[in-house]
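Chemist: For reference, the structure I am asking about is given below.
Derivation of every value follows stated rules applied to the coordinates shown; laboratory data play no part. Just so you know, these numbers come straight off a predicted model, no measurement behind them. Virtual Cβ from ideal backbone geometry, glycine too; neighbours counted across all protein chains shown.
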Amino acid sequence: MGGMDLPDVSLPDRGVPRAELFADLRTRKTADADWRGGRTWSLVYPAGEDVDAVLKEANNLYLYENALNPFRFPSLADMEREVVAMTAGLLSAPAGASGSMTSGGTESIMQAIRVARDRAKAERGVTDPTLVVPRSAHPAFAKGAKYFGLELVHIPLADDLRADVNAAAELIDDRTALVAGSAPNYPHGVVDPIPELAALAAARDIPFHTDACVGGFLLPFMQDAPPFDFRVPGVTTMSADMHKYGYATKGASVLLHRNGDHVLQYQAFLYQDWPGGLYGSLALAGARPAAPIAAAWSVMRYLGTDGYTRLVNRILATATKIRAELTDLDLTTLGNPVASVIAFTAPEIMPIGDRLDDLGWHLDRQNHPDALHLMISPEHDRVIDTFLADLRTATANPGTSRGTEARYS
Ligand SMILES: Cc1ncc(COP(=O)(O)O)c(C=O)c1O
């Protein structure tokens with residue numbers, strides 16, 4: 001995150017000519033990570049030039065529209081509903097389920113928290129709610145708890161780095177507005193024991209959220225995915241990010257409710273106590289970009305089940321190669337990651353990350369324990385052999401440690 005001091009810059013007196021402007025932009029961009037070259041292992045999820053072309057065309061077609069008003073732009077409202085319906089199908093949502101697109105995983109999770117808080121108050125009279133999530137849950141949960149006034153309660157992790165179910169049983173009580181688990185989580189790529197956690201919640205009539213922001217478009221295309229979706233009794237809401245492994249451009253996630261009535265009853269904001277007429281919105285934002293909706297719709301239709309399956313298989317093949325190499329190099333994989341996320345450690349892991357930095361690779365750092373973190377994209381199979389050769393070099397000849405602070409991207 002940059003500093004908060006503002007740069008000494010003001011609006012130019014005269015507009016900058018286009019050629020100069022874009023020369024400047026291109027120069028600035030050279031400072032950024034080379035994700036197209038497969039050098040980054042999170043943040044962007046490249047799926048190939050053909051997918052790129054689809055995304056560019058869809059984004060271009062819908063650069064200017066505003067998804068706030070479904071009556072002015074019915075094509076957007078239709079595409080959003082179709083994206084939600086296709087996602088609901090993938091996640092085995094039952095008849096009667098519904099949902100909306102959001103700006104990303106964080107918004108999907110925050111909306112699920114807000115809805116659960118309001119339900120807890122309306123349906124069970126809970127006025128000092130808690131949010132019970134595994135310690136490995138994404139910071140979006142802590143953010144939601146902070147924004148919406150819930151107390152965050154962490155479930156400790158068991159030895160396999162999944163949420164400890166026995167501990168969870170002790171932490172869930174009448175104040176609990178929502179219990180959640182990840183499928184998979186960001187730090188270790190493991191899937192929490194969703195059926196057991198959801199059953200604990202359901203026993204007290206408490207909603208349960210599966211955070212499938214990472215896995216929502218991976219696990220449905222895998223043979224041996226652990227149970228995580230609406231087939232699990234007690235799962236009431238789910239988040240799945242189009243802008244991760246759905247391969248849409250940024251600004252696209254889906255929030256699903258098992259009980260579709262909750263969308264209007266709890267998620268929607270409707271207002272008419274002003275001179276501007278009825279205002280309705282399902283999102284945290286007011287005006288909403290149209291391009292992420294068009295891009296998400298287009299890439300889902302373009303890829304289809306066979307396209308997603310092909311891309312997942314490329315990821316799994318790369319993951320298998322990486323895990324084999326980690327074993328060979330005596331580097332320890334944390335937990336048993338199911339798909340695209342791998343965290344690994346060694347007694348002196350950070351200097352290995354530093355050497356990898358010198359060699360042009362950007363791996364995130366983690367703590368507790370110190371570890372390096374990879375999120376594999378389909379296109380990584382083009383660079384995996386070079387990466388593994390560099391990992392061998394870095395392990396044999398680590399850098400001088402530049403510190404062990406964890407860095408999230
Ligand atoms: C498991 C998980 N949940 C939620 C999120 C939040 O998603 P976003 O960054 O789109 O807000 C992430 C982001 O990496 C994640 O890994």
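Chemist: If exposed chymotrypsin sites (Phe, Trp or Tyr not before Pro) are those in a DSSP loop with at most 10 other Cβ within 10 Å, what is the longest stretch of the chain that has none?
Modeler: Value returned for the longest uninterrupted segment is 72-409.
Chemist: Along the three principal axes, how long is the chain when you take its alpha carbons, biggest first, rounded to the nearest angstrom?
Modeler: Principal extents (largest minus smallest coordinate, Cα): 64, 63, 47 Å.
Chemist: Right, another one. Of the residues Asn259, Asn397, Asn185, which exhibits the maximal mean-square fluctuation in a Gaussian network model of the chain defined by a 10 Å Cα contact cut-off?
Modeler: Among Asn259, Asn397, Asn185, the largest mean-square fluctuation in the Gaussian network model of the chain belongs to Asn397.
Chemist: Show the residues, 5+ positions off or on another chain, whose built amide H is closer than 5 Å to the amide H of Asn66.
Modeler: Distant-sequence amide H within range of Asn66: zero hits.
Chemist: Evaluate the distance, in nm, between pseudo-label points positioned 7 Å from the Cα of Thr400 and of Glu348 along their respective Cα→Cβ axes.
Modeler: In this crude label model, Thr400 to Glu348 measures out at 1.3 nm.
Chemist: Something else about it: Can you list the HN-Hα couplings for the stretch 352-358, worked out from phi with the Karplus curve (6.51, -1.76, 1.60; θ = phi - 60°), rounded to whole Hz and with x for Gly and Pro?
Modeler: Whole-Hz 3J(HN,Hα) from phi for the stretch 352-358: 5, x, 5, 5, 4, 4, 4.
Chemist: Report the full-extension gain for the segment Arg72 to Arg124: residue separation times 0.36 nm, less the Cα-Cα distance, to one decimal in nm.
Modeler: My answer for the length gained is 14.8 nm.
Chemist: A follow-up question, please. Normalising by the residue count of the chain, find the relative contact order in percent from Cα pairs under 8 Å and 6+ residues apart.
Modeler: 20 percent
Chemist: Follow-up question, since we're still on this one. Using the beta-carbon distance between Leu284 and Val44 and R0 = 25 Å, what value does 1/(1 + (r/R0)^6) give for FRET efficiency, to the nearest 0.05?
Modeler: Between Leu284 and Val44 the formula returns 0.60.
Chemist: Measure out, as a whole number of angstrom, how far apart the alpha-carbon centroids of the stretch 181-239 and the stretch 306-384 sit.
Modeler: Taking the Cα centre of the stretch 306-384 as reference, the centre of the stretch 181-239 is 23 Å away.
Chemist: Mind checking the log10 I(q)/I(0) for the stretch 255-409 at q = 0.08, 0.15, 0.19 Å⁻¹? Debye, one equal scatterer per Cα, no solvent, two decimals.
Modeler: -0.41, -0.88, -1.11
Chemist: Among Ala285, Ala180, Ala371, which one moves the most in a GNM of the chain with springs linking Cα atoms closer than 10 Å?
Modeler: Sorting by GNM fluctuation, first place goes to Ala285.
Chemist: From the P(r) of the stretch 56-299, can you give the percent of Cα pairs sitting at distances over 30 Å?
Modeler: Across the stretch 56-299, Cα pairs with separations above 30 Å total 23 percent.
Chemist: If you build the convex hull over the alpha carbons only and average its shadow over all orientations, what do you get for the stretch 138-264? Give it in nm² to one decimal.
Modeler: 8.3 nm²
Chemist: For Ala212, enumerate residues with amide H under 5 Å from its amide H, sequence gap 5+ or separate chain, H modeled in the peptide plane.
Modeler: It is Ala183, Ser239, by chain and number.
Chemist: Return the sequence-ordered ³J(HN,Hα) values of the stretch 14-19 in whole Hz as given by the Karplus equation 6.51 cos²θ - 1.76 cosθ + 1.60 applied to θ = phi - 60°, using x for Gly and Pro.
Modeler: After applying 6.51 cos²θ - 1.76 cosθ + 1.60, I find 10, x, 7, x, 4, 4 Hz.
Chemist: DSSP beta bridges in the stretch 56-299, what fraction antiparallel, as a percent rounded to 5?
Modeler: The antiparallel proportion sits near 45 percent.
Chemist: May I ask you to evaluate 6.51 cos²θ - 1.76 cosθ + 1.60, the Karplus curve with θ = phi - 60°, for each residue of the stretch 342-348 and list the ³J(HN,Hα) values in order in whole Hz, giving x for glycine and proline?
Modeler: 9, 10, 9, 9, 6, x, 10
Chemist: Can you tell which of His188, His380, His154 shows the greatest fluctuation in a Gaussian network model of the chain with Cα springs below 10 Å?
Modeler: Result: His154 has the largest fluctuation of those listed.
Chemist: Could you name the lysines in cross-link range of Lys244, using Cα to Cα under 18 Å and dropping any fewer than eight places away on the same chain?
Modeler: Lys56
Chemist: Answer rounded, prolate or oblate for the stretch 1-71, using the Cα gyration tensor with square roots of eigenvalues a ≥ b ≥ c: rounded when a/c is under 1.5, else prolate when a/b is larger than b/c, else oblate.
Modeler: It comes out oblate by the Cα gyration axes.
Chemist: Determine the percent antiparallel among the DSSP beta bridges restricted to the chain, to the nearest 5.
Modeler: Approximately 60 percent, going by the DSSP bridge assignments.
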